[in-house]
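Asker: My structure is below; once you've seen it, I'll send some questions.
No lab work stands behind these numbers, since they all come straight from the coordinates. Bear in mind that the values here come from a model prediction, so they are computed numbers and not experimental data. All Cβ positions, even for glycine, are placed from backbone atoms using ideal geometry, and neighbour counts span all protein chains on display.
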Amino acid sequence: MLEITKENIEKAIEKARATKPKVRVIEFRRYAVTNKTTGANYEVKFYKIGNQKFADCTCPATKVCYHIGASIGAHIVLAEQMHTATA
Ligand SMILES: [Zn+2]
């Protein structure tokens, strides 16, 4: 499990913007990310423990990768919608 920090997620989002992978929602907190060039498919999961955020990706990277960067945009939108729905 990788801890998401402001610094590492900014880098991951930057990389995702350059790579433009396709993100599909599997369910809340679970996303499928496909590299359009290679067709490689990975699954990203988000966790929240206290005030800390964590993510897991099935790709071989051992740090916050661009798959996580690509998913977090969709995740933030969904999390806000759920928050609004329960508010
Ligand atoms: Zn990854």
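Asker: Residues that are closer than 23 Å to residue 83 by Cα and of a type in the set (S, T, N, Q): which strands (runs of 3 or more DSSP E) entirely in the stretch 1-66 hold 1 or more of them?
Answerer: Numbers: elements: 2-4, 22-27, 30-34, 41-49, 52-57.
Here the list reads 52-57.
Asker: Quick check on residue 41: is it free of Cβ contacts under 8 Å to residues at least 12 places away in the same chain and touching a strand residue (DSSP E or B) at 6+ places or on another chain (Cβ under 6 Å)? Outline the logic, then answer.
Answerer: Working: free of Cβ contacts under 8 Å to residues at least 12 places away in the same chain: yes; touching a strand residue (DSSP E or B) at 6+ places or on another chain (Cβ under 6 Å): yes.
In short, yes.
Asker: Now for a separate question. Any idea which of 73, 39, 69, 50 is within 12 Å of the ligand (Cβ to nearest atom) and either exposed (fewer than 11 other Cβ atoms within 10 Å of the Cβ) or not aromatic (Phe, Trp, Tyr) (or both)?
Answerer: Numbers: 73 fails: within 12 Å of the ligand (Cβ to nearest atom); 39 fails: within 12 Å of the ligand (Cβ to nearest atom); 50 fails: within 12 Å of the ligand (Cβ to nearest atom).
Exactly one residue qualifies, and that residue is 69.
Asker: In the stretch 21-36, how many are at positive phi and surrounded by fewer than 12 Cβ atoms within 10 Å (Cβ to Cβ)?
Answerer: Our first condition is that a residue be at positive phi; within the stretch 21-36, this holds for 29.
Restricting the remaining residues to those that are surrounded by fewer than 12 Cβ atoms within 10 Å (Cβ to Cβ) gives none.
Number satisfying all stated conditions: 0.
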